[in-house]
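Right, one structure below, let's go through it.
Values in this text are rule-based calculations from the coordinates and carry no lab data. On a predicted model such as this, the values are computed, not experimentally measured, just so you know. Cβ atoms come from the backbone with ideal geometry, glycine included; neighbour counts cover every protein chain shown.
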């Protein structure tokens, strides 16, 4: 195994561990999710533990370690997207009454950076802050996937395809159809695949150069969302246009 291969595999393990940040990740789960042999995973984890990037708790589950926390604190001073988006998320949730999510891309995953609940009695809390899911899942994740550079799409689809079926039986072919529709209409819409009976609408956030740096989505029960989809899209597009002027 080359040094580059070892680094790539260690990074993938860190992603998998961060996805289970609340409960912790078992060795067997990391082996299954990574597709690596158990001795390889164990060796890489040992090195990550020694470096402080990973720790083991009393139940022998793996979690991100103190050095990962320190790196996050240092890096956070250069990433202000969550703070910049906060007032826009608040306005969108207040106007729609529904839950609003801010997600960013992390490799082949979407990562939930923030969430704002609305005033409607039934809120759809499909993903927690700090949680990651394969790109294409949820309105924000589908927006990130649909509006990424086209040359990156085939590789990302190859990486996420093994995980799609767990989300309502989603297939690569169905996802490609959703991507095509999103590109044609300028926003992403997905129903049932993340959570049954839920529709999520996502719009990408672009920097001054037109590069997609995140997405904001609104999720609600499908019966509530369908007759209001146009209004929700208008609200998202208006607020994101205002946000982008300040980026």
- Query: What is the helix-to-structure angle for 3-19, meaning the angle in degrees between its Cα long axis and the longest Cα principal axis of the chain, kept from 0 to 90 and rounded to the nearest 10?
  - Reply: 60 degrees
- Order of 96, 40 under a 10 Å beta carbon neighbour criterion, fewest first: 40, 96
- Note on the structure: Counting only backbone N atoms under 16 Å from a point 7 Å out along Cα-to-Cβ of residue 224, the residues of the stretch 112-136 in range are 116-127
- Just need the relative contact order of the chain here, percent rounded to a whole number, with Cα pairs under 8 Å and 6+ apart. 15 percent
- Task: Name the residue, out of 30, 135, 164, whose mean-square fluctuation peaks in a Gaussian network model built on the chain with Cα pairs under 10 Å.
- Result: 30
- Ranked by GNM mean-square fluctuation in the chain (Cα springs under 10 Å), the top entry among 36, 81, 53 is 36
- Which angle from 0 to 90°, rounded to the nearest 10, does the C-alpha axis of helix 229-245 make with the longest principal axis of the chain? 70 degrees
- Message: Compute the distance from the alpha-carbon center of the stretch 209-247 to that of the stretch 78-100, in whole Å.
- Response: 10 Å
- Tilt, helix 81-96 to longest principal axis of the chain (alpha-carbon atoms), in degrees rounded to tens, equals 40 degrees
- What full-extension length gain, to one decimal in nm, is calculated for residue 152 and residue 38 as 0.36 nm per residue of separation minus the Cα-Cα distance? 38.0 nm
- Note on the structure: residue 76 and residue 56 label points (each 7 Å along its Cα→Cβ direction) are spaced in nm at 2.9 nm
- Query: Say we join alpha carbon atoms closer than 10 Å with springs in a Gaussian network model of the chain; which of 94, 194, 58 then has the biggest fluctuation?
  - Reply: 58
- Task: Before anything else, pin down the relative contact order of the stretch 1-147: Cα pairs under 8 Å, at least 6 apart, normalised by residue count, whole percent.
- Result: 15 percent
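Using r as the Cβ-Cβ distance of residue 66 and residue 213, and R0 as 22 Å, what FRET efficiency do you calculate, to the nearest 0.05?
0.15
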- Message: Please report the spacing between the Cα centers of the stretch 54-74 and the stretch 173-196 in Å, no decimals.
- Response: 35 Å
- Query: Roughly speaking, what is the stretch gain from residue 129 to residue 3, that is 0.36 nm per residue apart minus the C-alpha to C-alpha distance, in nm to one decimal?
  - Reply: 42.1 nm
- Send over the per residue convex hull volume for the stretch 3-75, Cα only, as a whole number of Å³. 91 Å³
- Message: Per 0.36 nm of contour for each residue apart, how much would the distance between residue 26 and residue 173 grow if the chain were fully extended, relative to their Cα-Cα spacing?
- Response: 49.7 nm
- Mind giving me the nanometre distance, one decimal, between the label points for residue 86 and residue 181, set 7 Å out from Cα along Cα→Cβ? 3.6 nm
- Which value at 222 nm does the chain reach when only helices count, each DSSP H run of 4 or more adding -39,500 (n - 2.57), with the total divided by all residues and rounded to the nearest 500 deg cm²/dmol? -15000 deg cm²/dmol
